[in-house]
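The values are calculated or read from the model by the stated rules, or taken from the named source; none is laboratory data. Since the structure is predicted, the reported quantities are computational estimates derived from the model, not experimental observations. Backbone-built Cβ (ideal geometry, glycine too); neighbour counts: all protein chains shown. When the accessible area is computed, the model is the full protein with side chains, heavy atoms only, and any ligands, DNA or RNA have been set aside. Shrake-Rupley method; radii C 1.70, N 1.55, O 1.52, S 1.80 Å.
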Amino acid sequence: MKKRKLKLKPYVLPSLYVLSALLLVMGVYFYGNREVAKPAEDIDYVSDEINGYTVPVIATEQTIMTPYSDTSVMVARDFYDYLSDASLQESALVSYDGVYMQNSGIDYSAANPFAVLAVLDGTVIEVEDTELFGKSVTIQHDNNLISTYQGLTDVKVSKDDKVFQGQTIATSGTSVINQSLGNHVHFEMYLNGTVLNPNLAIGKTLKELTTE
């Protein structure tokens with residue numbers, strides 16, 4: 001008896017090709033999803049590490065700023081500098097009750113009241129209100145640096161408060177000793193207990209100031 005050869009229908013082979021292609025696509029799809037579902041804790045972020053080393057945060061040292069940011073503020077009376085010429089020294093004298101005194105700080109004034117700012121981070125060590133100097137705030141900074149602000153109104157800080165550079169501590173005002181200046185703030189600085197010319201400190205870091 002002669003064996004009959006099995007003859008495939010013409011549509012069988014194309015169907016097998018389609019089925020194989022479908023299985024291949026499904027395999028790629030499920031494999032890709034398995035990769036996406038990788039646990040978050042296994043992901044390494046560039047912002048956390050570069051080449052296996054932790055990226056440090058760069059800290060910048062503060063530079064001493066002026067006790068104001070209002071652009072209308074001007075110097076009304078400068079610091080009395082023993083090394084300056086006679087005319088500048090004369091303009092830096094404070095006259096009160098017939099007595100002339102060297103100005104131990106800088107007086108900043110403007111037509112309108114302005115915010116008085118802490119020149120560096122620090123701690124308030126004194127808040128006073130005296131007849132001659134008006135309301136005042138004194139701040140202790142690092143490296144034995146002290147800043148004092150006089151002739152204030154609307155004082156916003158209290159003794160032992162921590163303050164930050166640029167923080168508003170009060171508003172400018174008037175004082176009896178500097179009555180002729182009108183609206184102003186009298187600003188003084190002391191380093192290791194010695195009066196310091198603010199012009200030599202503003203724009204510098206504490207490290208620069210204490211190593212000169």
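Below, the figures for the structure above:
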read-out: Amide H contacts under 5 Å for residue 205, placed H, 5+ residues apart; value: 64
read-out: Loop-located trypsin sites (Lys or Arg not before Pro) in the range 127-203, at most 14 other Cβ atoms within 10 Å (DSSP); value: 159
read-out: Packing-based ranking, highest mean first, of 169-181, 76-88, 98-110 given that Cβ atoms within 10 Å are counted; value: 169-181, 98-110, 76-88
read-out: Share of carbon and sulfur in the accessible heavy-atom surface of the range 103-159 [1.4 Å probe, %]; value: 44 percent
read-out: Distance-filtered residues of the range 90-112 - backbone nitrogen under 16 Å, label point 7 angstrom along residue 74 Cα→Cβ; value: 91-92, 107-112
read-out: Rounded FRET efficiency, nearest 0.05, which uses the C-beta distance separating residue 87 from residue 179 and R0 of 30 Å; value: 0.80
read-out: Candidates per GluC sites (Glu not before Pro) in the range 57-141, loop by DSSP, up to 15 other Cβ within 10 Å; value: 61, 131
read-out: Residue 121 long-range amide H proximity, modeled H, under 5 Å; value: 165
read-out: Phi to ³J(HN,Hα) by Karplus 6.51 cos²θ - 1.76 cosθ + 1.60 over the range 181-197, Hz, x for Gly, Pro; value: 7, x, 5, 6, 9, 9, 10, 10, 9, 9, 10, 6, x, 10, 4, 10, 6
